[in-house]
C-alpha cells in the first residue's frame, strides 16, 4: 500500500514538473512533446487507480491523436523563431560587427 501511494505521489510530482515545463517552453514543438508526456503520465495514473478504460482513452486521444495533430500543425505553419526581422537603416547603423554577422 505504501509503495502504491509513493508511486502515485512521484508520478503526480513529475506531472506537475512536466506541466510547468510545457507552459514555460518557448518552442512550440517541445511544449507539444511535453503535453504528450503529460498524457502518458496521466494514463499510467489512471491505470494505477483501477480505471483501465479511462487510461486507454487517455493514451489513444491524449498521447497519440492530439500530439500528432499538433506536431503536423506546427510543421505546416511558419515558426516565428525561423523568421528574420527586417531592420531599418538606422537600426543597422547602431549595430556592431558581431550583431551584423548574425544576420
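We did not get these values from a lab; they are worked out from the coordinates using the rules stated. Fair warning: this is a prediction, and the values are worked out from it, not measured in the lab. No Cβ is skipped: glycine too gets one built from the backbone with ideal geometry, and neighbour counts run over all protein chains shown.
Numbers at a glance
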| read-out | value |
| --- | --- |
| Subset of the range 13-47 (residues that are surrounded by fewer than 13 Cβ atoms within 10 Å (Cβ to Cβ) and either touching a strand residue (DSSP E or B) at 6+ places or on another chain (Cβ under 9 Å) or over 30 Å from residue 77 (Cβ atoms) (or both)) | 13 |
| In the range 57-66, the residues that are closer than 16 Å to residue 44 by Cβ and surrounded by 15 or more Cβ atoms within 10 Å (Cβ to Cβ) | 58, 59, 62, 63 |
| Qualifying positions in the range 1-31 - touching a helix residue (DSSP H, G or I) at 6+ places or on another chain (Cβ under 7 Å), assigned to a helix (DSSP H, G or I) and free of Cβ contacts under 8 Å to residues at least 24 places away in the same chain | 18, 19, 21, 22, 31 |
